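Participant: Structure incoming, see below.
What follows is calculated from the coordinates using simple rules that are stated; it is not laboratory data. Not measured: the values here are computed from a predicted model. Note that we place each Cβ from the backbone using ideal geometry, even for glycine, and neighbour counts take in every protein chain shown.
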Amino acid sequence: MESILEPIVSSPKLNLYLKQLQDIVNDENIKRQRFYQDIREDQKAEFIKGEVIVHSPVKIEHNNASGLLYTLLKPYISLHRLGFVGHEKILTCFSRNDYEPDVCFFSRAKSDLFTKGQMKFPPPDFIAEVLSPSTENTDRTDKFIDYAAHAVGEYWIIDPAEETIEKYVLKCGKYELPLKVRTGMINSDVIPGFGIPVRAVFDEDENIAALRKLLSV
């Protein structure tokens with residue numbers, strides 16, 4: 001049992017707390033179903049703690065970083081038939097919240113179950129979020145906690161302003177930070193054999209060189 005629950009469970013008011021929590025959950029479920037009905041393919045929107053978050057357009061640095069990472073991941077995953085890679089508009093459904101990660105990867109164990117026309121997806125195995133002023137707090141708090149709680153094995157936080165990547169790996173249900181880099185190589189623990197120069201996420205020439213190396217067989 002998590003320590004935060006101990007005073008609630010030991011309280012004589014446990015059932016009253018449970019009733020209040022259930023009312024909150026029921027209200028959120030109603031809002032969530034409305035969210036599924038109202039979201040459009042042309043907007044990036046997430047459902048977080050009962051609120052619909054519609055994202056504003058991103059800066060070019062944000063777009064470039066997510067696009068360059070996707071450019072490396074997609075052909076590599078396809079070549080080795082490792083699973084499925086999503087970019088920007090993949091709605092991933094967690095137990096309470098719904099997110100559209102900037103880049104995400106699903107192993108074959110999950111992607112082999114995907115069907116034609118599918119629009120809602122399970123928690124991925126790997127997620128990369130590119131920071132922006134409006135999303136950094138959520139990326140580092142709610143998403144950080146939620147991704148770990150739902151066994152997203154690896155989480156990269158990419159800062160396009162500082163041109164750094166933080167690599168978090170899931171250990172015993174919590175994220176550890178084995179690496180924060182601006183240069184050198186970064187290797188995935190979750191995606192077999194995937195390793196790239198950090199600069200390839202921020203520089204197009206480096207990206208092209210890294211892509212050629214990844215796809216050389």
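Participant: How much length is gained on full extension from residue 136 to residue 108, taking 0.36 nm per residue of separation minus their Cα-Cα distance?
Facilitator: 7.1 nm
Participant: What trypsin sites (Lys or Arg not before Pro) does the stretch 33-93 have in DSSP loop regions with at most 15 other beta carbons within 10 Å?
Facilitator: 40, 49, 59, 81, 89
Participant: Just subtract the alpha-carbon distance of residue 89 and residue 55 from 0.36 nm times their residue separation and send over the number in nm, one decimal.
Facilitator: Full extension from residue 89 to residue 55 adds 11.1 nm.
Participant: What's the ranking of 106-117, 153-164 by average number of surrounding C-beta atoms within 10 Å, highest first?
Facilitator: Final packing ranking: 153-164, 106-117.
Participant: For a quick check: with amide H placed at 1.01 Å from N, whose amide H comes under 5 Å from residue 168's, ignoring anything fewer than 5 positions away on the same chain?
Facilitator: Sorted by chain and number, the residues that satisfy this are 155, 156, 157.
Participant: So what is the relative contact order of the chain, in percent, for Cα pairs below 8 Å that sit 6 or more residues apart?
Facilitator: 15
Participant: Which entries in the list 120/213; 19/44; 19/171; 143/167; 89/110 go over 25 Å, if you measure between the two C-alpha atoms of each?
Facilitator: 120/213; 19/44; 19/171
Participant: Here is a follow-up. Would you calculate a helix-derived [θ] at 222 nm for the chain, using -39,500 (n - 2.57) for each DSSP H run of n ≥ 4 and dividing by the full residue count, to the nearest 500?
Facilitator: -11000 deg cm²/dmol
Participant: Given all pairs of different Cα atoms, what value in angstroms does the Kirkwood hydrodynamic radius of the chain take?
Facilitator: By the Kirkwood definition, the hydrodynamic radius is 18.7 Å.
Participant: Just to check, using Stokes-Einstein with a Kirkwood Rh over alpha carbon pairs, what's the diffusion coefficient of the stretch 93-217 at 20 °C and 1.002 mPa s in µm²/s?
Facilitator: 138
Participant: Using the Karplus curve 6.51 cos²θ - 1.76 cosθ + 1.60 with θ = phi - 60°, what ³J(HN,Hα) values do you get for each residue of the stretch 142-159, in whole Hz, with x for Gly and Pro?
Facilitator: So the Karplus estimates, Gly and Pro as x, are 4, 5, 4, 5, 5, 4, 5, 5, 10, 6, 6, x, 8, 9, 9, 10, 9, 9 Hz.
Participant: Pop out the ³J(HN,Hα) list for the stretch 128-141 in order, Karplus 6.51 cos²θ - 1.76 cosθ + 1.60 with θ = phi - 60°, rounded to Hz; leave Gly and Pro as x.
Facilitator: 3J(HN,Hα) across the stretch 128-141, in whole Hz: 10, 10, 9, 5, 9, x, 7, 10, 4, 4, 5, 4, 9, 10.
Participant: Starting at the first residue of the stretch 194-204, write each ³J(HN,Hα) from the Karplus equation 6.51 cos²θ - 1.76 cosθ + 1.60 with θ = phi - 60°, in whole Hz, x for Gly and Pro.
Facilitator: Rounded to whole hertz, the list is 8, x, 9, x, 4, 4, 5, 8, 10, 10, 5.
Participant: Any idea what angle helix 14-38 forms with the longest principal axis of the chain, computed on alpha-carbon atoms, 0 to 90 degrees, nearest 10?
Facilitator: Its long axis makes an angle of about 50 degrees.
Participant: Follow-up. R0 = 22 Å: FRET efficiency of residue 187 with residue 120, Cβ-based, nearest 0.05?
Facilitator: The calculated FRET efficiency here is 0.10.
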